[in-house]
Amino acid sequence: MKKTVSLVCAVLALLAALPLGAQSRRNQGAKIIVADANSTHHLNLYVAYEKGLFKKHGLDVEIRQTNSGVAAVVGGEADIVFNCPTGVITPIARGQNITIIGQVKIPCTSVLVVPVNSPVKNPSDLKNLQLAGLSTTCCAVIAIRDTLRSDYKTEFELVSLAPGAALAALEAGSVKGAILEEPFVAEALLLKDAAGKPKYKTIFDGHSDANGDGAVDKNLAGENPPCRTINANTNFVKNRTADAKAFIAAIEEADKLILKNPVARDIVAIAQKYVPNVSRQAIVNSNPKLGFTIHLATAQLIGYAQALVNQKTIDKNPGEKLFAPEFKGITW
């Protein structure tokens with residue numbers, strides 16, 4: 001009995017000697033800060049958090065809302081950010097402290113949305129038209145632009161707008177079309193005119209027939225183009241590899257939960273909690289299109305890097321240096 005009491009006292013004394021932060025980490029799990037800008041494309045992050053999957057893997061994850069997530073990770077204020085890969089390739093190419101550790105989803109769900117009565121019937125009809133889109137470095141904008149240039153000798157004029165603003169510009173008639181991502185595509189397709197008929201449609205997305213010839217038009221963005229990636233501070237990955245791998249393991253579990261039933265009531269509720277500015281029906285309509293996976297589409301991502309070289313955003317394609325070597329055999 002005395003030996004047991006002595007042992008307990010020794011353990012308590014050891015814990016008391018630890019710094020307060022160390023005791024907290026021991027109780028709460030390894031702290032990871034994720035810089036996040038709310039999006040249903042990050043639903044696996046939210047599901048992993050809300051379903052306790054991070055805690056299950058010994059992590060104490062904090063999600064901080066910011067529109068400067070890449071800069072926060074580069075600067076070391078955050079450990080991880082989910083982001084469009086082209087927004088991460090640039091700082092990687094410039095030697096900054098960020099690397100790609102996993103995929104978020106495939107394919108990119110951004111497509112061209114136009115009014116139902118749009119005169120655009122063929123890709124060449126897009127010549128010189130003003131189209132809204134996120135930016136010149138948006139994956140979908142790059143892919144669609146490159147295809148139009150190479151296959152149709154056609155160029156459109158990009159009006160850089162966030163998805164919500166792009167949809168508003170389309171409604172106002174100030175642009176002829178918009179390259180939108182889900183769930184904003186679903187939101188646009190829900191809009192009706194005074195007669196109760198759909199106001200918008202998607203074209204050149206591999207599912208539609210813009211000119212009515214009975215043939216499905218090819219997807220200008222390509223076949224299954226990759227979308228967002230999971231990106232981390234290089235020092236975090238190097239010094240806390242086990243924590244980074246545990247994070248990816250939790251995300252993979254969340255992926256399986258979502259893919260089992262992407263419109264399950266609890267999954268939709270989590271999406272609504274984090275992205276409250278989007279209607280429930282748009283979430284229900286778009287969730288099945290979000291192909292969550294941790295496995296990197298390396299060839300296509302390197303292709304995005306080459307597109308950035310071609311448009312002189314970066315000087316050199318990093319190739320496989322885009323990806324964290326610690327995750328080779330796991331996510332790539």
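Derivation of every value follows stated rules applied to the coordinates shown; laboratory data play no part. These numbers were taken from a predicted model, which means no experiment stands behind them. Every residue, glycine among them, receives a Cβ derived from its backbone with ideal geometry; neighbour counts consider all protein chains shown.
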Exercise. Where the centre of each part is set by its Cα atoms, how far does segment 191-233 sit from segment 276-332, in angstrom?
Worked result: 19
For this session: At most 14 other Cβ atoms within 10 Å and a DSSP loop assignment: could you name the trypsin sites (Lys or Arg not before Pro) in segment 98-183 that fit?
Result: Lys121, Lys127, Lys153
Problem set entry | Given 15 as the ceiling on other Cβ atoms within 10 Å, longest exposed-site-free region of the chain for GluC sites (Glu not before Pro) in DSSP loops | 224-332
Exercise. To the nearest 20 debye, what charge dipole does the chain have about its Cα centre, counting +1 at the Cβ of each Lys and Arg and -1 at the Cβ of each Asp and Glu?
Worked result: 1020
For this session: Place +1 on the Cβ of every Lys and Arg and -1 on the Cβ of every Asp and Glu in the chain, take the dipole about the Cα centre, and give the residue among His41, Leu170, Phe323 whose Cα lies farthest towards its positive end.
Result: Phe323
Exercise. Percent antiparallel among DSSP beta bridges with both residues in segment 105-235, to the nearest 5?
Worked result: 55
Problem set entry | Helical contribution to [θ] at 222 nm, DSSP H n ≥ 4, -39,500 (n - 2.57), averaged over the chain, rounded to 500 | -12000 deg cm²/dmol
For this session: Specify the residue with the greatest mean-square fluctuation among Val237, Val116, Val47, computed from a Gaussian network of the chain linking alpha-carbon atoms under 10 Å apart.
Result: Val116
Exercise. Where both partners of a DSSP beta bridge lie in the chain, what percent of those bridges are antiparallel, to the nearest 5?
Worked result: 50
